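In what follows, a single structure is set out as structure tokens and then discussed.
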Amino acid sequence: MAVCYNRRQEGERREIIDDLPQIRELAARMDRPLSLHMNAKRSRAEYRQIIGSGIRKINIPTEMSVAAVDAIKKELADKPNVNLVNLMSVVRRGVKNIARQYMICLDCIPRGKKQT
């Protein structure tokens, strides 16, 4: 079951934070974990509220895709004749950095852990 982020209701944009009571109620009735598809970063406190409401999985592929495209654009602007193997390394670092930022924010890894 996916819970939509920034869903529209009667033409207005609604934030998930506004819907936490409904999400709690839905989570209590479901026999499966709820997932959230993200497209914007949240504060640590907001993630705590979201997770506390019953969300058990947070997907971040949109931001990872944006990070990959941004890394490609920057690298091609700096080095138009870049080797494709090197380009993929740059993309990997950009995507990994986004995932790491979420992992730190959600306390999946310690803040002091170095990126490898």
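A few points about this structure:
- Annotation: GLU63 fulfils all but one of (1) modelled with pLDDT of 90 or more; (2) within 21 Å of the chain's Cα centre (by Cα); (3) among the acidic types (Asp, Glu); the unmet one is (1).
- Taking (1) in a helix (DSSP H, G or I); (2) modelled with pLDDT under 85 in turn, ALA71 satisfies each apart from (2).
- Looking only at the range 9-54, and only at residues there that are under 26 Å from ILE98 (Cβ atoms), of a type in the set (Lys, Arg) and not in a loop (DSSP other than H, G, I, E, B), the one that is modelled with the highest pLDDT: ARG48
- Filter result (under 16 Å from VAL95 (Cα atoms) and either of a type outside the set (Gly, Ala, Ser) or surrounded by 12 or more Cβ atoms within 10 Å (Cβ to Cβ) (or both)) within the range 29-57: MET38, ASN39, LYS41
The values are calculated or read from the model by the stated rules, or taken from the named source; none is laboratory data. Nothing here was measured: the structure is a model prediction, and the numbers come from that model. Neighbour counts are summed over all protein chains in view; Cβ atoms, including those assigned to glycine, are modelled from backbone coordinates with ideal geometry.
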